[in-house]
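> Take this structure first; my questions come after.
The values are calculated or read from the model by the stated rules, or taken from the named source; none is laboratory data. Nothing here was measured: the structure is a model prediction, and the numbers come from that model. No Cβ is skipped: glycine too gets one built from the backbone with ideal geometry, and neighbour counts run over all protein chains shown. Just so you know, the surface numbers come from the protein's heavy atoms only, side chains and all, with ligands and any DNA or RNA stripped out. Shrake-Rupley method; radii C 1.70, N 1.55, O 1.52, S 1.80 Å.
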Number of protein chains: 2
Amino acid sequence: MQYHHIPFEQMQTFCRKVFAGYGFSEDDCKAITNVLLDADLSGIESHGVQRLIRYHHEITSGMANTSAEPEIVFETPLSAVLDGHDCMGQTLGAKAMTMAIEKAKKTGIGFVSVRNSNHYGIAGFYAKMAMREGLMGVCMTNSESIMVPTFGKQAMIGTNPIAVAMPAKPNPFVFDAATTVVPRGKLEVYAKRGNGIPDGWALDENGQPSSDSDRVLKNIISKAGGGILPLGGAGDMTSGYKGYGFGLLCEIFTSIFSNGTTSNYIYKNPTGSGICQFYGAIDYGMFGDKAQIESRLSTFLQEIRDSAKADGQSRIYIHGEKELEARERVLREGIPVNDKTYAEMQMIADYTGSADLLPKYAD
Amino acid sequence: MQYHHIPFEQMQTFCRKVFAGYGFSEDDCKAITNVLLDADLSGIESHGVQRLIRYHHEITSGMANTSAEPEIVFETPLSAVLDGHDCMGQTLGAKAMTMAIEKAKKTGIGFVSVRNSNHYGIAGFYAKMAMREGLMGVCMTNSESIMVPTFGKQAMIGTNPIAVAMPAKPNPFVFDAATTVVPRGKLEVYAKRGNGIPDGWALDENGQPSSDSDRVLKNIISKAGGGILPLGGAGDMTSGYKGYGFGLLCEIFTSIFSNGTTSNYIYKNPTGSGICQFYGAIDYGMFGDKAQIESRLSTFLQEIRDSAKADGQSRIYIHGEKELEARERVLREGIPVNDKTYAEMQMIADYTGSADLLPKYAD
C-alpha cells in the first residue's frame, strides 16, 4: 500500500472544516482536530486521520452527538464524575482534564471519571495537558471489548490504555500504553497494509493464536470470539494475567468509578457508545520541591539512556521520545496517508462539503 | 528437590522467635512475620520463608537496622514522605500504609512515599491493608536493578511491582504484579529447583535470551550484565517497552517522589540498601456511593468469570483468587518448604537461638 505525504497545515484546515460540516462549534472543531492530528504528528498513524472514517460513522449514526454538553453528576474538592451525554470524546476530554488540573492546583489532586463519552483519540494527549501545567497527568479510557482475559476466548475488556506524563529534561516521560499487546488501531493499520500480524498479538474465534488481521478484526466486529491478547501474551507463562490486570485497573477508574458502561457493553447500548474515561492530575509538590523532583527524574532517565545497549542497538528510548522526534519529521515531511485512508478522506470531504479543502498529495 | 509441609502455627511461632533473636521488638517480630507468612499462605513461595536467608544476611550485615524508627520529612494533608533510616521494610510498610489510610479517611487521598527502607515482602500485603478499610489500596516498591530496558543489556530498573486492591464480592480484586515478566523470587525458586527457566523471561550478560537461571542470577549478583525482561518481552514486537514504562512509573512514585535511591543504586550505598516504596489509599467515595461502586465491580468481575473459556481451560481467574484458595490449602496442609530452604532455616535457628522452635517436617 502506497503512502503519500500531506502538509500538516493543509490537513489541519481540512479536518476543522470536516467537523464544522458535521455541525460542531468552532471550538469543538479545533479541540477534535488537535487530538486527531497530535496522533499523526506523534507518528501514531493508527489513531490519526485513518480514524476519520470511524468518527464519520459515529457522528452520522448519531452515536456521537454534535451538540451534547457534559454534566457534573458528582463532585468533591478532589474529584468529579461527569456524564458526557454522548458528546465527542475529544471535547469532553479537554473539559474533563481542565477540571482535573484546576482541582489539582487547589488541593493537590484532581480525579475526574467520565461516562457516556465516545472515542477520544490518544490517551497521552490528555496526560500531556496536565504535564504542561507542571503536574503529573494520568489518563485512561475503556473501549469496546477486544482483550481476551487469561484462559478465556471471549473478549471482555477493551484495549484500555493507561497514559502517564511527567515533566523531565531534556524530554518528558510520556507513557501511553494499551494494556493489550497492541491497540486495535495497530491491527487496523496492519489489516489495511494486508501484511498479516505478528505472533503473540491475537487469538482467533476459537481462542487459538492467529496472524490473520482481517479474520481477527472481522471476529471482533461480529462478536464471534477471540481478540487481542493482554500485555504479556497467551496463557500464564509470560504473565499475560498482568496485562489483563492492568486492563481491569483501567476499567475500575473509568466505568466502575463513573457508574458507566463496562467494556463488554460498549456499543451495545441503544443510544451512545457508552465509552468511559478517567482524567487525573497530581501536584507532586505534595512530596517536596518540584524542581528537585523533576531534576532527579531527569538524572535517572539520562542514566538509562546512557546505559549499555543490546547487540545491534544504538539507542535506548525514554517513553515519548519516538513521538517527539516523529513530530519534527512529520512537520517537515507531511502526514503520511495511505491510499485507503485517502479514499475515505475523499468520501468524507464530499459528505461534509469540504472537497474544496481536501489536501492534494505532496508526493 | 523435595518439599515438606510445616503447619502454619509452628512456622509463625518459629519466625517470631527468629526475629526476636535478631533483636526486634515484639510488635516488629509480629509485623515482619505477618508479611512473610502472608506470602506462603498465598502460595507465593518466592516471597515467603525461602526469603529468610536474605533477611538474615541483611540484618547480620547491618543493612537492615533492628532499632531504626521512620521519620516524617515532608507532609501535607494528602501526603507524606518518610525516611526509614534503614529499618526493616515490613515494619516501615505497616506504619506508612496506616498513615496513608488515616489521610484517605480524612481527605479522600493518602499518598506516602518512603526512602531508605528495605525489602518488605509482597506489595499486595500493604494494598490489602487499605482494602480491608474500605479503600482502594496501592503499593509499589523499587528494588535492585534487574530489569533490562528495551534495547539495552544492562539492568537499570528493579522488578518494581505495582499492587492494587479493591473490595468486591465474593472475592476482592487483588492485583500484585512485578513489571518484569517474572519477579526475581521466581527465578530464585527455579534456580533452587534446578530446572532452568522458560523462554521469554531473561537475558544473559550479552543481552541474549537465556534459559539458565543460575547464570542469570549469578550475572545479576555480580552486576555482569543481562537480567530479567520487562513485561511484554524482548525487543518491541510484543511491546516490552510497556513493562519498562510501568517499571519507570513505579520508580517515579517510590524513589523519585521520596528523594530516595533509584533502582540502579540500590545496594550500592555505603550503609543501607536504599530501597524506596509508595503507599497509596484512595477513598472511592469521592466518586459516589461506595456500596454501588463495589457492587458494579462485583458484577463485572462475575461476567468475566462466566465468559467463554479457551479450549482446555475450565476457569478464568480474577486477580487474587489463586492466592485466596492457596490460603485454605496451606492452612490445611502446611507451608511447603524445600530441602534447601529447610537447611537455611536450620542455620538461622542456630544463629538466633531458636533451634528449640525449629518446626519438624509434617511429612
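> Using alpha-carbon positions, what is the distance between the centroids of segment B:1-72 and segment A:261-293, in Å?
39
> With a cut-off of 19 Å, note down the residues of segment B:320-347 whose backbone N falls inside the zone around a label point 7 Å from the Cα of residue B:169 toward its beta carbon.
Label zone hits: B:321.
> So, one more: In segment B:200-248, which residues give up 40 Å² or more of accessible area once the other protein chains are added, compared with their chain alone (1.4 Å probe)?
B:231, B:237, B:238, B:242, B:244, B:246, B:248
> Would you mind telling me the antiparallel percentage of the DSSP bridges in the protein assembly as shown, rounded to 5?
Values: 76 of 90 bridges.
Bridges in the protein assembly as shown are about 85 percent antiparallel.
> Given a 1.4 Å probe and no ligands, DNA or RNA in the count, how much accessible surface is buried by B and A, both sides, to the nearest 100 Å²? Working shown, then result.
Values: alone 16160 and 16110 Å², together 25180 Å².
The B and A chains share an interface burying roughly 7100 Å².
> Also, quick follow-up: Modelling each spin label as a point 7 Å along the Cα-to-Cβ direction, I'd like the residue B:34/residue B:206 distance in nm, to one decimal.
Label-label distance for residue B:34 and residue B:206, simple model: 5.0 nm.
> While we're here: Could you point to the residue in A:34, A:351, A:256 farthest towards the positive end of chain A's charge dipole, with +1 and -1 charges on the Cβ of Lys/Arg and Asp/Glu respectively?
Of A:34, A:351, A:256, it is A:256.
> Of the heavy-atom accessible surface of chain A (probe 1.4 angstrom), what whole percent is carbon and sulfur? Walk me through the numbers before you get to the answer.
Details: 6280 of 12580 Å².
Of the solvent-accessible surface of chain A, carbon and sulfur hold 50 percent.
> What does the C-alpha gyration tensor say about the overall shape of segment B:97-253? Classify as rounded when a/c is under 1.5, otherwise prolate if a/b is larger than b/c, or oblate. Please list the in-between numbers first.
Values: a/c = 2.19, a/b = 2.05, b/c = 1.07.
It comes out prolate by the Cα gyration axes.
> Rounded, prolate or oblate: which fits segment B:231-316, taking a ≥ b ≥ c as square roots of the Cα gyration tensor eigenvalues, rounded meaning a/c under 1.5, else prolate when a/b beats b/c?
Working: a/c = 3.06, a/b = 1.47, b/c = 2.08.
Judged from the Cα gyration tensor, segment B:231-316 comes out oblate (a/c at least 1.5, b/c at or above a/b).
> From Cα pairs below 8 angstrom and at least 6 apart in sequence, can you work out the relative contact order of segment A:266-363, rounded to a whole percent?
On the way: 24 pairs, mean separation 10.0, N = 98.
Relative contact order, segment A:266-363: 10 percent.
> Could you state the per residue volume, in Å³, of the convex hull enclosing the Cα atoms of the protein assembly as shown?
About 141 Å³ per residue, rounded to a whole number.
> Which residues' amide hydrogens lie under 5 Å from the amide hydrogen of residue B:181, considering only partners 5 or more residues apart or on another chain, with H built in the peptide plane?
Placed amide hydrogens put B:229, B:231 under 5 Å from residue B:181.
> With +1 on the Cβ of every Lys and Arg and -1 on the Cβ of every Asp and Glu, and nothing else charged, how large is the dipole of segment A:173-213 about its Cα centre, in debye rounded to the nearest 20?
200
> Which shape class, rounded, prolate or oblate, goes with chain A when its Cα gyration tensor gives a ≥ b ≥ c as root eigenvalues, a/c under 1.5 marks rounded, and past that a/b bigger than b/c marks prolate?
Working: a/c = 1.15, a/b = 1.09, b/c = 1.06.
It comes out rounded by the Cα gyration axes.
> Follow-up question, since we're still on this one. What percent does the relative contact order of chain A come to when contacts are Cα pairs within less than 8 Å and at least six residues apart?
Details: 824 pairs, mean separation 90.6, N = 363.
Relative contact order comes out at 25 percent.
> Dipole magnitude of the protein assembly as shown about its Cα centre, charges +1 at Lys/Arg Cβ and -1 at Asp/Glu Cβ only, in debye to the nearest 20?
Numbers: 68 positive and 82 negative charges, 31 e Å.
With Lys and Arg at +1 and Asp and Glu at -1, about 140 debye.
> Let me ask something additional. Using only Cα atoms, locate the centre of segment A:305-363 and the centre of segment A:148-167, then give the distance between them in Å, rounded to an integer.
25
> Right, next: Using a 10 Å cut-off around each Cβ of peptide B:167-176, what is the average number of partner chain Cβ atoms that fall inside? Don't skip to the answer; put the middle values down first.
On the way: counts 0, 2, 0, 0, 0, 0, 6, 1, 8, 2.
Whole-number average of other-chain Cβ neighbours for B:167-176 is 2.
> Here's something else I'd like to know. Which trypsin sites (Lys or Arg not before Pro) in segment A:307-363 sit in a loop by DSSP (not H, G, I, E or B) and have at most 13 other Cβ atoms within 10 Å of their own Cβ?
On the way: sites: A:309, A:315, A:322, A:327, A:329, A:332, A:340, A:360; in loops: A:315, A:360.
For trypsin sites (Lys or Arg not before Pro) across segment A:307-363 that sit outside H, G, I, E and B with at most 13 neighbouring Cβ atoms in 10 Å, the list reads A:315, A:360.
> Something else now. Mind checking which of A:288, A:270, A:319 is farthest towards the positive end of segment A:262-332's charge dipole, using Cβ charges of +1 (Lys, Arg) and -1 (Asp, Glu) about the Cα centre?
A:270
> Something else about it: Projected onto the charge dipole of chain B (+1 at Lys/Arg Cβ, -1 at Asp/Glu Cβ, origin at the Cα centre), which of B:235, B:201, B:177 gives the Cα projection farthest towards the positive end?
Most positive-ward Cα: B:235.
> Which helices of chain A meet both criteria: a Cα extent of 24 Å or more along the helical axis and a mean Kyte-Doolittle score no lower than 1.0, with helices taken as whole DSSP H segments? List each step's numbers first, then the result.
Working: long enough: A:89-107 (26 Å, -0.33).
Membrane-span-like by this criterion, though nothing is claimed about a membrane: none.
> I've got another one for you. What share of the DSSP beta bridges in chain A is antiparallel, in percent to the nearest 5? Could you put the intermediate results ahead of the total?
Numbers: 37 of 44 bridges.
The answer is about 85 percent antiparallel.
> Right, something else. Taking the Cα centre as origin and putting +1 on Lys and Arg beta-carbons and -1 on Asp and Glu beta-carbons, what dipole magnitude results for chain B, to the nearest 20 debye?
On the way: 34 positive and 41 negative charges, 67 e Å.
In debye, rounded to 20, chain B gives about 320.
> Moving on to the next point. Just the number, please: percent antiparallel of the DSSP beta bridges in segment B:1-130, rounded to the nearest 5. Working shown, then result.
Working: 5 of 10 bridges.
Close to 50 percent.
> What order, most packed first, do the peptides A:109-119, A:281-291 have when packing is the mean number of other Cβ atoms within 10 Å of each residue? Don't skip to the end; give the middle numbers.
Details: A:109-119: 27.5, A:281-291: 20.7.
Listed from highest to lowest mean packing, they are A:109-119, A:281-291.
> Moving on to the next point. Just to verify a number: FRET efficiency for residue B:356 and residue A:268, C-beta to C-beta distance, R0 = 45 Å, to 0.05? If you can, show how the numbers build up before the last one.
Values: r = 65 Å, r/R0 = 1.44.
Computed FRET efficiency for residue B:356 and residue A:268 comes out at 0.10.
> Oh, and also: So if R0 is 60 Å, what FRET efficiency would residue B:303 and residue B:347 give, r being the distance between their Cβ atoms, rounded to the nearest 0.05?
Values: r = 50 Å, r/R0 = 0.84.
Once rounded, the FRET efficiency stands at 0.75.
> Now a separate question. Nearest 500 deg cm²/dmol is fine: what mean residue ellipticity at 222 nm does chain B get from its DSSP H runs of n ≥ 4 alone, each adding -39,500 (n - 2.57), divided by its residue count? The partial results should precede the final answer.
Values: 11 runs with 143 residues, N = 363.
Rounded to the nearest 500, the figure is -12500 deg cm²/dmol.
> To continue, here is another question. Under a 10 Å cutoff between Cα atoms, tell me which one of B:37, B:301, B:135 has the largest fluctuation in the Gaussian network model of chain B.
Of the options given, B:301 has the highest mean-square fluctuation.
> For chain A, what does the accessible surface come to per residue with a 1.4 Å probe? Please give it in Å².
Working: 12580 Å² over 363 residues.
Per-residue value: 35 Å².
> Provide the three semi-axes, in whole Å and in decreasing order, of the ellipsoid equivalent to segment B:267-363 as defined by the square roots of 5 times the Cα gyration tensor eigenvalues. Mind dumping the intermediate values first?
Values: eigenvalues 315, 134, 44 Å².
After diagonalising the Cα gyration tensor, the semi-axes are 40, 26, 15 Å.
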